[in-house]
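One structure is given here, and the rest of the page talks about it.
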Amino acid sequence: MMLSVVIVNHNSSDLLKDCLTSIISTNVSVPFEFVIVDSGSNENDVRDILSLEADNVKVSINKENIGYAMSVNQGVKAAKGDIILISNPDIIYRANSLNIMISALSELPRCGAVGPKTWWNKGMTFLLPVSEIITPYWLIRAELMRISSFARDKILKGWIRKNLKYLLSQKPIQQEMLSGACIMIKREIFESLGGFDGSFRLYFEDTDLCLRVQKAGYRLYMLPEAKIIHYYNQSAKQDKETSNKKYEASMIRYMEKHFKEKLLIPQIIQRFLKKRSEASFNWEYRGNFRDTTPDFTFHDNSEKLFLLSPVESLIPSACSFFNDAAFAIPADLWEILGEGRYFAKAFNLHTLKSYGSWCWDKRNH
């Protein structure tokens with residue numbers, strides 16, 4: 001048994017080096033190799049990547065950015081392992097995480113792929129939420145949240161309940177979707193499905209693969225004992241406008257591929273993309289923040305859930321659990337957030353009664 005860690009890099013060599021170091025420190029129990037595919041990075045980043053070449057580190061350089069899906073397929077083709085870990089460079093692996101994933105891949109029933117529990121920051125105070133399969137219902141749900149305050153409240157609380165089941169699980173839990181930022185899959189399954197669909201240049205290639213894995217009769221599992229820190233979307237943060245355009249193009253491609261028979265889908269997609277930022281939770285605007293982080297005061301010490309998102313609907317949101325009467329966005333998370341507007345809401349963990357809704361702008365300059 002051999003593990004091949006396939007990582008696509010795009011101007012993220014510093015993050016990549018930390019990722020490799022964290023994997024080595026986990027003491028992987030099987031032989032492993034790194035396969036790094038650079039896709040259109042600048043000259044300095046390429047130089048850094050080439051310096052990593054070693055007996056167990058293969059490096060391929062693409063002068064042009066050929067897209068994430070095709071780059072992963074290129075890496076898998078060059079890999080030797082019968083187990084493939086597809087990883088973003090902006091990930092830190094915690095102790096024993098990969099060994100847990102390797103064991104689960106062969107032990108869980110009808111297991112096709114596995115993923116870890118994922119934190120957003122080094123201090124491990126904010127968890128990233130469950131990944132969702134995008135469907136026509138998902139788009140309709142977003143539209144309902146925009147036009148109806150009643151629907152908005154019901155849908156958000158339903159999403160929170162589903163997310164709590166995911167985040168609080170102590171045992172492997174079957175999922176409809178795993179994040180492509182870190183997914184371990186048997187090579188034979190990945191190849192039998194033709195790998196990632198290369199027509200997705202960025203975004204939705206993982207959603208598409210997860211659907212195809214399940215259609216082939218396999219299951220997907222999240223493993224709570226396998227833990228990682230994912231700094232999330234650091235490459236996209238470099239060019240937010242281009243990333244948004246790629247997201248929209250990939251969504252349309254994905255919906256046409258899997259739900260083409262739904263005649264209203266093109267209209268729903270078009271309306272969703274135009275209106276997706278119009279929902280309102282009666283935000284309390286906190287102002288611009290640069291050197292200091294937002295903080296919040298509560299009137300009790302009950303168990304609370306804090307949601308944080310760049311999306312106004314708060315689906316999806318990163319989640320933090322706390323008991324204190326005071327809460328602040330941790331500095332280690334604040335440092336990695338890109339510029340823009342952020343939205344937050346706090347709930348009593350047991351009753352889901354809201355404490356308030358806030359938004360603010362983060363400025364780096």
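The values are calculated or read from the model by the stated rules, or taken from the named source; none is laboratory data. It should be emphasised that the depicted structure is a prediction, and the values quoted were computed from it without experimental measurement. Cβ placement follows ideal geometry from the backbone for every residue including glycine, while neighbour counts extend to all protein chains displayed. Just so you know, the surface numbers come from the protein's heavy atoms only, side chains and all, with ligands and any DNA or RNA stripped out. Shrake-Rupley method; radii C 1.70, N 1.55, O 1.52, S 1.80 Å.
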Flagged pairs (Cβ under 9 angstrom, 6 or more apart or on separate chains; first in region 20-40, touching a residue at least 40 places away in the same chain (Cβ under 8 Å) and open to solvent by 20 Å² or more (accessible area, probe 1.4 Å); second hydroxyl-bearing (Ser, Thr, Tyr) and not in a strand (DSSP E or B)) are 29/103
Given the conditions (1) at pLDDT 90 or above; (2) over 18 Å from residue 22 (Cβ atoms); (3) open to solvent by 30 Å² or more (accessible area, probe 1.4 Å), report the number of the one that residue 123 does not fulfil.
-> (2)
Residue by residue through region 100-115, note down the ones that are within 21 Å of the chain's Cα centre (by Cα) and in a helix (DSSP H, G or I).
-> 100, 101, 102, 104, 105
Applying the selection to region 219-236, what residues are buried (at least 18 other Cβ atoms within 10 Å of the Cβ) and at pLDDT 95 or above?
-> 220, 221, 222, 223, 226, 227, 228, 229, 230
Selection count, region 105-115, where residues are touching a strand residue (DSSP E or B) at 6+ places or on another chain (Cβ under 9 Å) and open to solvent by 10 Å² or more (accessible area, probe 1.4 Å) | 4
With the condition kept exactly as written, say whether any residue in region 117-140 is part of a helix (DSSP H, G or I) and of a type in the set (Asp, Glu).
-> no
Selected residue (criterion: nearest to residue 347 (Cα to Cα)) from residues of region 132-141 that are in contact with a helix residue (DSSP H, G or I) (Cβ under 8 Å, 6 or more places away or on another chain) and open to solvent by 30 Å² or more (accessible area, probe 1.4 Å) = 132
Helices (runs of 4 or more DSSP H) within region 1-96 that include 1 or more residues touching a Pro at 6+ places or on another chain (Cβ under 8 Å) = 13-25
Using the structure shown, decide if residue 97 is within 18 Å of residue 182 (Cα to Cα), open to solvent by less than 10 Å² (accessible area, probe 1.4 Å) and polar (S, T, N, Q).
-> yes
How do the pairs read when you match residues in region 195-209 that are of a type in the set (A, V, I, L, M) and crowded, with 24+ Cβ neighbours inside 10 Å with residues anywhere that are at pLDDT below 95 and part of a loop (DSSP other than H, G, I, E, B), using Cβ under 8 Å and keeping only pairs 6 or more apart or on different chains?
-> 209/180
In this structure, is residue 188 open to solvent by 40 Å² or more (accessible area, probe 1.4 Å), assigned to a helix (DSSP H, G or I), at pLDDT below 95 and of a type in the set (Asp, Glu)?
-> no
Residues (surrounded by 15 or more Cβ atoms within 10 Å (Cβ to Cβ) and either assigned to a loop (DSSP other than H, G, I, E, B) or of a type in the set (Ser, Thr, Tyr) (or both)) located in region 312-337 | 312, 313, 314, 315, 316, 317, 320, 329, 330, 336, 337
With the first residue restricted to region 148-168 and required to be open to solvent by 30 Å² or more (accessible area, probe 1.4 Å), and the second required to be at pLDDT 95 or above, Cβ contacts under 8 Å at 6 or more apart or on different chains are 157/352; 161/352; 165/173
Quick check, is residue 256 among the acidic types (Asp, Glu), in a helix (DSSP H, G or I), at negative phi and modelled with pLDDT under 95?
-> yes
Among the residues of region 280-309, which ones are surrounded by 14 or more Cβ atoms within 10 Å (Cβ to Cβ), outside any loop (DSSP other than H, G, I, E, B) and in contact (Cβ under 8 Å) with a residue 40 or more places away in the chain?
-> 286, 289, 296, 304, 305, 306, 307, 308
